[in-house]
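This report refers to the structure that appears directly beneath it.
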Amino acid sequence: MSLKTFWHKLGSPRWFYQISAGWIIGFGVAAMVLLLVGTVWGLAFAPADYQQGNSFRIMYVHVPAALVAQSLYLGMGVAGVVLFVWRMKLADVAIGACLPLGMLLTALALFSGGVWGRPTWGTWWEWDARTVSTLVLLFLFIGIFALREAIEDVELRARASALVAIVGTINIPIIKYSVEWWNTLHQGSSLFLTKKPAMPAEMWLPLLVMILGVYCFAGHNVLSRMRIEVLRRERNTQWVKALFTD
Amino acid sequence: MIKLSQLSCRRGEFKLFAPLDLTVAAGQYIELTGPNGAGKTTLLRTLAGIYQQYDGAFEVEDFLFQGHRIGLDGLLNPLENLTWHAALAGTVVQDEQLREALRRVDMLNYALTPVQAMSQGQQRRIAMARWLLGDARVWLLDEPVTALDSAAQTLLLEMLQSHCAADGIVVCATHTPLDLPGKQSLQLSAVTQ
Amino acid sequence: MIKLSQLSCRRGEFKLFAPLDLTVAAGQYIELTGPNGAGKTTLLRTLAGIYQQYDGAFEVEDFLFQGHRIGLDGLLNPLENLTWHAALAGTVVQDEQLREALRRVDMLNYALTPVQAMSQGQQRRIAMARWLLGDARVWLLDEPVTALDSAAQTLLLEMLQSHCAADGIVVCATHTPLDLPGKQSLQLSAVTQ
Amino acid sequence: MHFESWNEFLTMGGHGLYVWMAYAVTFIVFVGSYVSVRVAARRQVRELTWRSSTDSNVNS
Amino acid sequence: MMLVRLLGREIKTVLRHRADVLNPLTFLFLAVMLFAVAVPTRDADSAVYGGAFLWLIVLLTNMLALDGLFRRDYESGVLEQIMATAQVPFLFVGLRIFMQWLSGGFLITLLSPLLCLLLGLPFEIFPVVVLSLLAGTPALSLLGAIGAALTVGFARGGVLLGLLVLPLYLPVLIFGAGVINEQLVGVGGTAQLYWLAFISMVALTIGPFATTAGLKISLQMQ
Amino acid sequence: MMLVRLLGREIKTVLRHRADVLNPLTFLFLAVMLFAVAVPTRDADSAVYGGAFLWLIVLLTNMLALDGLFRRDYESGVLEQIMATAQVPFLFVGLRIFMQWLSGGFLITLLSPLLCLLLGLPFEIFPVVVLSLLAGTPALSLLGAIGAALTVGFARGGVLLGLLVLPLYLPVLIFGAGVINEQLVGVGGTAQLYWLAFISMVALTIGPFATTAGLKISLQMQ
Ligand code: HEM
Ligand SMILES: Nc1ncnc2c1ncn2[C@@H]1O[C@H](COP(=O)(O)OP(=O)(O)OP(=O)(O)O)[C@@H](O)[C@H]1O
Ligand SMILES: Nc1ncnc2c1ncn2[C@@H]1O[C@H](COP(=O)(O)OP(=O)(O)OP(=O)(O)O)[C@@H](O)[C@H]1O
Ligand SMILES: [Mg+2]
Ligand SMILES: [Mg+2]
């Protein structure tokens, strides 16, 4: 199926409902395996950091949460563009589905960062580049959440949150750069896919597994929330009724 | 010229009235009637391009819209409001034309009073003066009779008659029928929620 | 019972109408007429105690006031608005009375919709339901016919008739005459500014 | 296995409290969101089957 | 008595709809964050600035929420009805101010420990901060309501509100920040605390009346 | 061309009436005075706080003025007319944002030397403060207008506005305060100045369009 027909078909909620079943199971299994392997590997087998000792193991939870949270927001921005340009209702379903997990993961990144900061920086909270940009990300999420709560009408809520998601996404790089410039007490970004990671292989490999694991989990979670929302919105259509008359 | 094909407006996923098919030729007066909540205001705001939740299609030439709200900036006086509206519609008006319009609605001696310091009927008259200034062929009016005294009501009828006579179109939602020649009534039936 | 003695209202230092002397007995209907800007709204707001720039004196028993503005909180639904208004007037109303009032104005199925999500006429009907709940003897109404459809207009007439019949007083500013028994018209002449 | 004994694995060289706290919360977050989605899905299925069964016999 | 039962019902209805509780809090956290970001150096006396800044931001959040306090009721005619129908209008006006304090000042007081954490204030002065906010925020709402009542008639009243209200807020801020500074330096700031409570009491007595008078004036202009 | 002449006239009329110019200034002076009062110690590094505080207060004043930007036109039906009649609505929306900047941000920039004096900032950095405000305030107005457009439909939009807009304001604040700090420390802060100008440019491109889209959404709810 060419991308063109895929794109066209994505418009029909029914088609999405059918194909998403397979993807959800696939993501679910992958996430289960990857997260299990990653945690065991990171917790038990990875060597301790020579400075921080074992507390660095929080990184295997902290970094994936932060990265996936950011990609979820960017995903909402893309969905916003899709909604405005192609008027696709599914995009709004996607925004609504990414929101709760995005907020949760950002909060998790903040919490795990704080817990990690206690032994290494000595305080629960440290105003620095990473912490601020994550806090801003949390507020960007809460902004969209509060806006969606304030509007009842489905179509208006879709266009309003799409607009905020787009404007927010345009600003993320600016916020990131301004925060980075401002002062970076935070550990330099040690994991670039391009240059050799500062950490030895047996340290960043489990991190890679964990990151993939959390991405799969996010895929599973978001797609299943979308399925529920699609069913709720199409509850009066024939194909949904047919599905549920046993 | 106005053309509606299978046009129906939605509030959320709730349809307000059965789809409409209508073609309005120049010089005609369409009277929109129906109980409260039938969807007259929603239809007029859809035709004016303000409200976008509708199904079907419609075409409207250059139009002017007068809603339940006055549409004037309370802080500015009538002259400034009328100039601003002309700029909005992209036409340029001389001071003389403004004074003539205000004289026609008998509000000349309020020309410099901020609109918020006027009675309901006086504000409505300034809105009527605004219609005279634009050269829009289609007038979309939502209950224009509100708060007008008897003199203003007769003036309203004259203005609508001369507009239709000059090949203009008037689509007007109203609860008190206006007897204009060539009147065609469009009844919107209320849908229980 | 209403008693006006040499009552005239001012806007700044500008007198709106000649001083009025009037005594209104129970059961009477006073129709306030006059061109736009004559001062009908200002007079009614003065009698309601909202507007305080007047000369002369007046006495009004317990009254209810309905101005050009709806007077309902857009965020609350009709039931909450009506309860709140009853609390304002110091009376306690049971749920049953509220539903009965809403049924009377044919707005029962909008009982839980926030008032801001209603059409102009529907909001006016909720305001009419409010009059039914209070036990005020004097009704001060400013152009109550606005935005009402024909059914609501007939209902309005019935309500005013039954209120006057029950020894109530209605003072109503309107541009469309209402034929009620025992009507006494009070013409306010416009004063050029 | 990096650690020699179980209890060393638990204490994590003094940082055990923080590491386990972080992992515990992560576990709660992941399982919590998975369960909440499952519950919502099941509630929806029950609701839709109930609705469609009443609709079907209403208009049948 | 009967009136209390009525007010109970009003609180329930108004609270359910208009207490968008979440927003004032998130706005406050954001402002605190902006401060911490704007102020690069972190050292001992930054706590002094922290305390002063916390009070300043609580004050500004209060003003932001105040601007809309009466505007909607003014436009919709609800204020007109209060003045016309209520035998005791200042009671209903007072209730609206109470609602605004409940979902504004009081909530901030409850969550101020978290704010102190973000501002890097030492632990031991958390209770003092909470107390000072508890004593001071009622005055902010009551005095602010007077300003809001007078400026509701103007189109861009928001900033005129600032003009009217800030001088009234000055003593509250001085004492509020003062309590925290005294505590930091170790000299017991209880004197300022009593002053704060005193100001709130005075505000409680004059607040509702002055606000009702202000609203009456604004209604003349409608 | 013709449109420019029209806009010229619009600016004249709108400016004459609605630019209650005085208010943003007085609010700002009072806030700066409050800061001077709240911060007991006056020493060298308080200048750093002064610079950061000035930007923070400019930002919050801007937000206070933004809240009412579209609300009155929304209620009176003027926004309805813009969307219905204007062929190029984003032009008139852009003009309103420009007016808000003129009577808000731009005016504060003109008078910032006075504010610096109050905050006890050294003379030599006055020009930098003015430049940073000139480059930064347009972004504040343009980005803020998007939030104002979306929240105009809600009753208590003020605080939701803060929530939507403050994250977008963060970079402006960081660079604004950063320029002043760099200058104080002697390291030329020109790079950040260009960043401020860049952000304002980005805001100029997306601002009017996003605001018009936001207003269209709010008008559906009326
Ligand atoms: C509340 C505190 C913290 C927050 C909000 C936070 C946030 C973040 C974020 C958002 C990232 C991903 C950056 C990216 O986009 O690539 C990250 C990565 C990282 N963080 Fe933190 N962090 C916090 C505390 C800490 C602490 C205390 C440490 C260690 C002492 C730490 C070490 C790291 C490391 C090593 C990375 C990986 C670098 C990378 O993948 O780019 N973080 N943190
Ligand atoms: N808010 C105000 N500020 C100043 N003057 C006002 C205000 N409202 C009305 N006026 C003036 O007071 C006079 C009477 O106004 P009022 O609203 O009472 O008239 P009215 O009889 O109700 O007219 P209508 O029939 O149009 O409602 C008018 O000349 C008007 O210009
Ligand atoms: N702001 C709104 N939000 C949601 N629903 C609305 C809103 N305004 C009106 N409605 C609903 O849309 C329907 C049509 O409203 P509309 O205002 O078009 O009626 P109308 O024909 O103008 O009535 P009237 O004669 O009273 O003015 C009504 O059922 C009303 O409840
Ligand atoms: Mg209507
Ligand atoms: Mg009147």
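The values are calculated or read from the model by the stated rules, or taken from the named source; none is laboratory data. Everything numeric in this text was worked out from a predicted model, so none of it was measured. Note: ideal-geometry Cβ built from the backbone for every residue, glycine included; neighbour counts use all protein chains shown.
Listed here are the residues, each with its yes/no results for (1) part of a helix (DSSP H, G or I); (2) touching a residue at least 24 places away in the same chain (Cβ under 8 Å); (3) within 11 Å of chain D (Cβ to nearest Cβ).
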residue	(1), (2), (3)
A:Gly26	yes, no, no
A:Val29	yes, no, no
A:Leu35	yes, yes, yes
A:Val40	yes, no, yes
A:Pro47	no, yes, yes
A:Arg57	yes, no, yes
A:Val61	yes, yes, yes
A:Ala66	yes, yes, no
A:Gln70	yes, yes, no
| task | Would you check if C:Ala147 is within 11 Å of ligand 3 (Cβ to nearest atom), within 13 Å of chain B (Cβ to nearest Cβ) and either more than 29 Å from B:Phe14 (Cα to Cα) or in contact with a Gly (Cβ under 8 Å, 6 or more places away or on another chain) (or both)? | result | yes
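Only one of C:Leu112, C:Leu98 is more than 9 Å from every other protein chain (Cβ to nearest Cβ) and either in a helix (DSSP H, G or I) or near ligand 3 (Cβ under 8 Å from one of its atoms) (or both). Can you tell me which? Before the answer, list the steps.
Working: C:Leu112 fails: either in a helix (DSSP H, G or I) or near ligand 3 (Cβ under 8 Å from one of its atoms) (or both).
Criteria check complete, one pass: C:Leu98.
Given C:Ala127, C:Ala147, which one is within 16 Å of ligand 5 (Cβ to nearest atom), out of contact with any Phe, Trp or Tyr (no Cβ under 7 Å at 6 or more places or on another chain) and part of a helix (DSSP H, G or I)? Talk me through it step by step, then tell me what you get.
Working: C:Ala147 fails: part of a helix (DSSP H, G or I).
The match here is C:Ala127.
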| message | Can you tell me which residue is nearest to ligand 5 (Cβ to nearest atom) among those in the range B:40-58 that are within 14 Å of chain C (Cβ to nearest Cβ) and in contact with a helix residue (DSSP H, G or I) (Cβ under 9 Å, 6 or more places away or on another chain)? | response | B:Thr41
| remark: Taking the range C:1-38 and keeping only residues that are within 16 Å of ligand 5 (Cβ to nearest atom) and over 14 Å from E:Gln220 (Cα atoms), one is left with C:Leu16, C:Phe17, C:Ile30, C:Glu31, C:Leu32, C:Thr33, C:Gly34, C:Pro35, C:Asn36, C:Gly37, C:Ala38
| message | Give all pairs with beta carbons closer than 8 Å in which a residue from the range B:151-164 that is farther than 15 Å from B:Ile30 by Cβ meets a residue that is β-branched (Val, Ile, Thr) and surrounded by 15 or more Cβ atoms within 10 Å (Cβ to Cβ); count only pairs at least 6 apart in sequence or on separate chains. | response | B:Ala152/B:Val105; B:Gln153/B:Val145; B:Leu155/B:Val105; B:Leu156/B:Val145
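Does A:Ile175 satisfy being more than 16 Å from ligand 5 (Cβ to nearest atom) and at pLDDT 85 or above? Lay out the reasoning, then the answer.
On the way: more than 16 Å from ligand 5 (Cβ to nearest atom): yes; at pLDDT 85 or above: no.
So A:Ile175 does not fit the description; no.
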| message | Quick check on my filter: what residues within the range C:17-41 are within 15 Å of ligand 2 (Cβ to nearest atom) and surrounded by fewer than 22 Cβ atoms within 10 Å (Cβ to Cβ)? | response | C:Phe17, C:Ala18, C:Leu20, C:Ile30, C:Glu31, C:Thr33, C:Gly34, C:Pro35
| task | Could you please find all residues in the range E:79-114 being part of a helix (DSSP H, G or I), within 9 Å of chain C (Cβ to nearest Cβ) and polar (S, T, N, Q)? | result | E:Gln81, E:Thr85
| task | Name the single residue, out of those in the range F:173-212 being among the hydrophobic types (A, V, I, L, M, F, W, C), within 21 Å of the chain's Cα centre (by Cα) and surrounded by fewer than 21 Cβ atoms within 10 Å (Cβ to Cβ), that is farthest from ligand 2 (Cβ to nearest atom). | result | F:Phe198
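For (1) modelled with pLDDT under 90; (2) touching a Lys or Arg at 6+ places or on another chain (Cβ under 7 Å); (3) of a type in the set (S, T, N, Q), each residue gets a yes or a no:
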| site | (1), (2), (3) |
| --- | --- |
| A:Asp153 | yes, no, no |
| A:Asn183 | yes, no, yes |
| A:Ser189 | yes, no, yes |
| A:Pro200 | yes, no, no |
| A:Leu231 | no, no, no |
| A:Lys241 | yes, no, no |
| request: Could you tell me whether the range B:1-15 includes any residue that is crowded, with 20+ Cβ neighbours inside 10 Å, at pLDDT below 95, away from ligand 2 (no atom under 16 Å from the Cβ) and more than 16 Å from the chain's Cα centre (by Cα)? | output: yes
| query | Name the residues in the range E:122-151 that are buried (at least 24 other Cβ atoms within 10 Å of the Cβ), in contact with a Leu (Cβ under 8 Å, 6 or more places away or on another chain) and farther than 22 Å from E:Phe209 by Cα, would you? | reply | E:Val129, E:Ser132
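Okay, residues lined up against (1) within 16 Å of ligand 2 (Cβ to nearest atom); (2) farther than 22 Å from F:Gln222 by Cα; (3) within 12 Å of chain B (Cβ to nearest Cβ):
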position	(1), (2), (3)
C:Gln123	no, no, yes
C:Arg130	no, yes, no
C:Leu133	no, yes, no
C:Arg137	no, yes, no
C:Ala151	no, yes, yes
C:Leu160	no, yes, no
C:Cys164	no, yes, no
| request: Can you work out which of the residues in the range C:77-135 that are farther than 26 Å from A:Ile151 by Cβ and polar (S, T, N, Q) is nearest to ligand 1 (Cβ to nearest atom)? | output: C:Thr83
